[in-house]
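A.B. asks: Supplied in C-alpha cells, the structure appears directly below.
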Amino acid sequence: INTLQDIASVSPNTSDKVFIKIGDSHTVSSSALHCFAGDNVDLDIHHDLQPTLDHFLGGDADGETPFERHSEAAEGGMSSNWVIGGNPSPLDTEIAALNPSFALIQFGTNDMEMGITHASSMWGYYENMTVLLDQCLDGGIIPVLMGIPHRGDDTEAGWWVRPYNDIIRGLAQTRQTPFIDLYLALDQVAGDGLAGDGVHLNTAPQGSCQMT
C-alpha cells in the first residue's frame, strides 16, 4: 500500500465523514476533540480548517458527530495492549459500530509504564502498535498517528518520550500514513502545554478549541 487512496479502496463502504478515536486519557478528555462539536470553537486565523470541520461535523457516529462520541476504543489509564485485546476487542467494537474511514490513534504514555523499565516496555509497545495499525489498514481505515506529549512528572520518563515518539514516527513512515508530532508542536507552548500533574494537557483560559 503506497497511497491513502489505496488504503481507502480496500473497503469502499466506509464513511468518509467518520473517524474513530483510539487512545488513553489524552483522547478521552473533553478538551481534546469533543469541544469541536460545541459552540465555543474559534479557529482564529486557521479559517482554512472550516471546511474540514464542517465535513466531519456532518458525519454520523451512531447518532452523534465523531468529535463528541465516547469511543469504545478510548479509555483513561489504558495502553495499546488493551485496545487490541479481547474478543471482540475494544477496537473491533468501535469499528463495527461506526464503519469509519479514519482512526485517530494516540497511545504511549501508559505503555511506558507496562514493563520493568521504560526501555523494556518499548518492545511490547512496538508489537501492539504494529497489530493495531495493520488491523486498521486491512479494514480500509486510514490511521492518523499522534505523538505523545512531554512528561513533567518524572525526569526519567521525560527522557524516554522522544524514543517512544520515534517508534510512532517510524511506524507511520513505513506505512506512509499521517503522523502528528504533538511533542514538537507543544515545544512552542508555555510549560510544554502540560497541566499541573505534568502528564495531561492544559486548556486555554478561555476554554478548549480556542485556536487564537
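The values are calculated or read from the model by the stated rules, or taken from the named source; none is laboratory data. Since the structure is predicted, the reported quantities are computational estimates derived from the model, not experimental observations. FYI the Cβ positions are ideal-geometry reconstructions off the backbone, even for glycines, and counts take in every protein chain you see. Keep in mind that these areas ignore ligands, DNA and RNA; they rest on the heavy atoms of the full protein, side chains included. Shrake-Rupley method; radii C 1.70, N 1.55, O 1.52, S 1.80 Å.
A.B. asks: Would you confirm whether any residue within region 44-59 is part of a strand (DSSP E or B) and of a type outside the set (Ser, Thr, Tyr)? Break it down stepwise before answering.
C.D. replies: From region 44-59, those part of a strand (DSSP E or B) are none; that's our starting set.
No, because not a single residue in region 44-59 is part of a strand (DSSP E or B) and of a type outside the set (Ser, Thr, Tyr).
A.B. asks: Still on this structure: Could you check how many residues of region 71-89 are free of Cβ contacts under 8 Å to residues at least 24 places away in the same chain and either open to solvent by 20 Å² or more (accessible area, probe 1.4 Å) or in contact with a Lys or Arg (Cβ under 9 Å, 6 or more places away or on another chain) (or both)?
C.D. replies: Quick first cut of region 71-89, residues free of Cβ contacts under 8 Å to residues at least 24 places away in the same chain only: 82, 85-89.
The next check asks that each one be either open to solvent by 20 Å² or more (accessible area, probe 1.4 Å) or in contact with a Lys or Arg (Cβ under 9 Å, 6 or more places away or on another chain) (or both); those that pass are 82, 85-88.
So the answer is 5.
A.B. asks: Let me ask you something else. Among the residues of region 167-185, which ones are within 14 Å of residue 130 (Cα to Cα) and over 15 Å from the mean Cα position of the chain (by Cα)? Spell out the reasoning first.
C.D. replies: Taking region 167-185 as the starting set, the residues that turn out to be within 14 Å of residue 130 (Cα to Cα) are 167-177.
Hits for region 167-185 are 170, 173, 174, 175, 176.
A.B. asks: In region 96-124, how many are more than 15 Å from the chain's Cα centre (by Cα) and either part of a helix (DSSP H, G or I) or closer than 25 Å to residue 173 by Cβ (or both)? Spell out how you get there, then give the answer.
C.D. replies: Narrowing region 96-124 to residues more than 15 Å from the chain's Cα centre (by Cα): 96-99, 112-124.
Now restrict to residues that are either part of a helix (DSSP H, G or I) or closer than 25 Å to residue 173 by Cβ (or both): 96-98, 112-115, 118-124.
Qualifying residue count for the region: 14.
A.B. asks: Can you find even one residue in region 146-154 that is assigned to a loop (DSSP other than H, G, I, E, B), within 30 Å of residue 11 (Cα to Cα) and open to solvent by less than 20 Å² (accessible area, probe 1.4 Å)? Before the answer, list the steps.
C.D. replies: Of the residues in region 146-154, the ones assigned to a loop (DSSP other than H, G, I, E, B) are 147-154.
Okay, now just the ones that are also within 30 Å of residue 11 (Cα to Cα), so 147-148.
Then keep just the ones that are open to solvent by less than 20 Å² (accessible area, probe 1.4 Å); that gives 147-148.
Yes, region 146-154 contains a residue that is assigned to a loop (DSSP other than H, G, I, E, B), within 30 Å of residue 11 (Cα to Cα) and open to solvent by less than 20 Å² (accessible area, probe 1.4 Å).
A.B. asks: Ok, one more. Determine which single condition residue 195 fails, assuming it passes every other condition in (1) more than 17 Å from the chain's Cα centre (by Cα); (2) open to solvent by less than 50 Å² (accessible area, probe 1.4 Å); (3) touching a residue at least 40 places away in the same chain (Cβ under 8 Å); (4) farther than 25 Å from residue 20 by Cβ.
C.D. replies: So the condition that residue 195 fails would be (3).
A.B. asks: Do you know which residues across region 57-97 are of a type in the set (Ser, Thr, Tyr) and under 21 Å from residue 140 (Cα atoms)? Let's see the steps before the verdict.
C.D. replies: First, the residues of region 57-97 that are of a type in the set (Ser, Thr, Tyr): 65, 71, 79-80, 89, 93.
65, 71, 80, 89, 93, listed by residue number.
A.B. asks: Right, something else. Which number in (1) touching a Lys or Arg at 6+ places or on another chain (Cβ under 7 Å); (2) open to solvent by 60 Å² or more (accessible area, probe 1.4 Å); (3) within 18 Å of residue 208 (Cα to Cα) marks the one condition that residue 49 misses?
C.D. replies: Here residue 49 meets the rest and fails (1).
A.B. asks: Buried (at least 17 other Cβ atoms within 10 Å of the Cβ), of a type in the set (Ser, Thr, Tyr) and over 30 Å from residue 41 (Cβ atoms) - does that describe any residue in region 156-176?
C.D. replies: Yes; the residues of region 156-176 include at least one that is buried (at least 17 other Cβ atoms within 10 Å of the Cβ), of a type in the set (Ser, Thr, Tyr) and over 30 Å from residue 41 (Cβ atoms).
A.B. asks: How many of the residues making up region 177-192 are open to solvent by 70 Å² or more (accessible area, probe 1.4 Å), assigned to a loop (DSSP other than H, G, I, E, B) and within 30 Å of residue 138 (Cβ to Cβ)?
C.D. replies: Matching residues across region 177-192 total 0.
A.B. asks: To continue, here is another question. Do we find a residue being more than 30 Å from residue 196 (Cβ to Cβ), touching a residue at least 40 places away in the same chain (Cβ under 8 Å) and open to solvent by 40 Å² or more (accessible area, probe 1.4 Å) anywhere in region 101-121? If you could, list the steps in order and put the result at the bottom.
C.D. replies: Going through region 101-121, the residues more than 30 Å from residue 196 (Cβ to Cβ) turn out to be 101-103.
Applying the additional criterion that residues be touching a residue at least 40 places away in the same chain (Cβ under 8 Å) yields 101-103.
Now narrow it down to the ones that are open to solvent by 40 Å² or more (accessible area, probe 1.4 Å): 102.
There is at least one residue in region 101-121 that is more than 30 Å from residue 196 (Cβ to Cβ), touching a residue at least 40 places away in the same chain (Cβ under 8 Å) and open to solvent by 40 Å² or more (accessible area, probe 1.4 Å).
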